[in-house]
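Worksheet: the structure to be examined is printed underneath.
The values are calculated or read from the model by the stated rules, or taken from the named source; none is laboratory data. Because the structure is a prediction, the values reported are computed rather than measured. Cβ placement follows ideal geometry from the backbone for every residue including glycine, while neighbour counts extend to all protein chains displayed. Keep in mind that these areas ignore ligands, DNA and RNA; they rest on the heavy atoms of the full protein, side chains included. Shrake-Rupley method; radii C 1.70, N 1.55, O 1.52, S 1.80 Å.
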Amino acid sequence: EDQVTQSPEALRLQEGESSSLNCSYTVSGLRGLFWYRQDPGKGPEFLFTLYSAGEEKEKERLKATLTKKESFLHITAPKPEDSATYLCAVQAGSSNTGKLIFGQGTTLQVKP
Amino acid sequence: GAVVSQHPSWVICKSGTSVKIECRSLDFQATTMFWYRQFPKQSLMLMATSNEGSKATYEQGVEKDKFLINHASLTLSTLTVTSAHPEDSSFYICSATLGGTQYFGPGTRLLVL
């Protein structure tokens, strides 16, 4: 069964304290792994897509990496405005509809 | 680019009435849109896949007669919650696919009294 597990569930950081969020997955043929950011009461905002092991993508203080079993979202020197829930989702190769399987998310709080 | 809107953003209705939620892709055409439901402090739960010009595909456990989906054009999909009850109160979010990536709308919060 295709599955996505994110850890930790919640993370509190001081401003400037770098850390990483984990997304472990089991899927029958990975078509793509997606990272989204969701603020309270809003829809998810697209961050990155990763397609193959070894791939990395960066955007400002965020960097996403991918292996055959997991993905990491590295946050360098976070700021309070980085506080949000970060969602990881995978698209299985068996899906011809583009359906995503979501993890439960990691809620990040960055304190000034 | 890749902007998705939803209307309304917030709706309150009485039990037994029907509510329609619109999802529009503003700057691109989407043959496939998705409808999700999200409960507080939980992740997104896929309700159905909406394909332009054909019937929606519902996930297991989602009542198709209760949650009517219409994808009449390449930029518009609608979700109608029929005979709404308090347990239908939730945050409903749509997404539209562009280049293999799902872009999400801002969500619609439904409260059924």
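Pairs of Cα atoms nearer than 8 Å and 6+ residues apart set the relative contact order; for chain B it is 37 percent. Solvent exposure of region A:33-86 amounts to 49 Å² per residue of accessible area, where only protein heavy atoms count and the probe is 1.4 Å. Couplings for region A:52-60, taken from phi via the Karplus curve 6.51 cos²θ - 1.76 cosθ + 1.60 with θ = phi - 60°, read 9, 4, x, 6, 9, 9, 10, 8, 6 Hz in order; Gly and Pro are left as x.
Bridges between two residues of the protein assembly as shown, per DSSP, are antiparallel at a rate of about 90%. With the simple spin-label model, which puts each label point 7 Å out from Cα in the Cβ direction, the A:Y51 to A:E1 separation comes to 3.1 nm. Here the 3J(HN,Hα) profile of region B:32-40, calculated from phi with Karplus coefficients 6.51, -1.76 and 1.60 at θ = phi - 60°, is 10, 10, 10, 10, 10, 10, 9, 8, x Hz, Gly and Pro shown as x.
Overall, the anisotropy analysis places region B:57-113 in the prolate class: the square-rooted eigenvalues a ≥ b ≥ c of its C-alpha gyration tensor yield a/c not less than 1.5, with a/b exceeding b/c. When you count the other C-beta atoms within 10 angstrom of each residue and take the mean per peptide, B:28-38, A:64-74 line up highest first as B:28-38, A:64-74. At q = 0.13, 0.18 Å⁻¹ the log10 of I(q)/I(0) for chain A amounts to -0.45, -0.84, computed by Debye summation with a single uniform scatterer per C-alpha, solvent ignored. Between the amide H of B:K64 and any residue lying 5 or more places away or on another chain, no distance stays under 5 Å, with hydrogens modeled in the peptide plane.
The H on the amide N of A:V110, modeled in the peptide plane, is under 5 Å from the matching H of A:L13, A:S83, each at least 5 residues off or on a different chain. For region B:1-87, pairs of C-alpha atoms spaced more than 21 angstrom apart make up 30 percent of the total. Cβ-Cβ distance of B:S15 and B:Q42, R₀ of 35 Å, FRET efficiency by 1/(1 + (r/R0)^6): the value works out to about 0.90.
Between the amide H of B:I21 and those of B:L79, B:T80, B:V81, distances stay under 5 Å, these residues lying 5 or more places away or on another chain, with hydrogens modeled in the peptide plane. In summary, the protein assembly as shown shows an alpha-carbon radius of gyration equal to 1.02 times the 2.2 N^0.38 Å reference for compact globular proteins. Rounded to whole Å, the principal axis extents of the Cα atoms in region A:46-112 read 44, 23, 18, largest first. For the peptide A:44-57, the mean number of other protein chain Cβ atoms found within 10 angstrom of a residue's Cβ is 2.
Per-residue shielding of B:102-109, expressed as the average number of other chain Cβ atoms within 10 Å of the residue Cβ, stands at 5.
Across region B:18-26, computed HN-Hα scalar couplings (Karplus, 6.51 cos²θ - 1.76 cosθ + 1.60, θ = phi - 60°) run 10, 10, 10, 10, 9, 10, 10, 8, 7 Hz from first to last residue, x flagging Gly and Pro. Mean per-residue shielding of peptide B:43-56 is 2, counting Cβ atoms of other chains within 10 Å of each Cβ.
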